[in-house]
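These notes concern the structure reproduced below.
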Amino acid sequence: MKVVLLGEIKGKGGEGDVIDVAQGYAENYLFPKKLAVAATKGNLKQLEERRNNIAKREAVRIANANALKEVLDGKAVTVDAKVGDEGILFGSVTSAMIADAIKAQLDQDVDRKRVELGKPIKVAGTHPVVVSLYRDIRATVNVMVGVTAEEAEAEEAEVAEEEAVEATETEAAAE
């Protein structure tokens with residue numbers, strides 16, 4: 001069954017797209033939630049008349065997503081969690097906790113459903129987390145779990161020092 005989307009649906013398309021979906025999906029999910037309308041001649045004609053407005057809204061959404069990406073990309077947020085021996089957490093860090101941390105520390109609203117964790121974080125340390133902002137626009141945020149900013153800087157300095165030592169050892173071995 002062909003439908004016209006009235007908003008963005010992850011994995012299906014964006015506002016104004018005409019897609020083919022199962023009839024049950026359309027009638028039981030898309031239509032009741034007003035996410036789509038049937039692709040009738042009248043609705044397709046209305047869609048053509050609205051294309052200009054849809055394009056303007058799309059441009060604004062993309063601009064907002066790119067601005068948010070500039071703010072979030074590469075930034076670090078800290079999530080407090082109880083850490084046991086050997087860096088294992090009691091419980092786990094979820095996408096909602098990360099979204100709350102972004103709101104509190106970077107003052108940016110991010111929907112928890114847009115935080116792409118894959119599986120919950122259960123180990124202390126720094127973890128790169130992808131935030132899907134709009135369609136294919138994504139930002140990477142470093143989430144520090146059970147680690148203070150000073151500890152993270154010390155850890156980064158340690159890693160850089162070890163890499164420098166390894167580089168000098170490699171150069172010495174090459175000579």
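Could you pull out every one of the strands (runs of 3 or more DSSP E) wholly within region 11-95 that has 3 or more residues that are open to solvent by 30 Å² or more (accessible area, probe 1.4 Å) and farther than 19 Å from residue 133 by Cβ? Steps first, answer last, please.
Values: elements: 18-20, 36-38, 76-79, 88-93.
Where strands (runs of 3 or more DSSP E) fall fully within region 11-95 and carry at least 3 residues being open to solvent by 30 Å² or more (accessible area, probe 1.4 Å) and farther than 19 Å from residue 133 by Cβ, they are 88-93.
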**Prompt:** Is it the case that residue 93 is modelled with pLDDT of 90 or more and touching a Pro at 6+ places or on another chain (Cβ under 8 Å)?
**Reply:** yes
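The values are calculated or read from the model by the stated rules, or taken from the named source; none is laboratory data. Treat the numbers as computed from the prediction; the structure is a model and nothing was measured. With ideal geometry, Cβ positions are generated from the backbone for all residues, glycine too; neighbour counts draw on all protein chains shown. Accessible surface areas use protein heavy atoms only, side chains included; no ligands, DNA or RNA. Shrake-Rupley method; radii C 1.70, N 1.55, O 1.52, S 1.80 Å.
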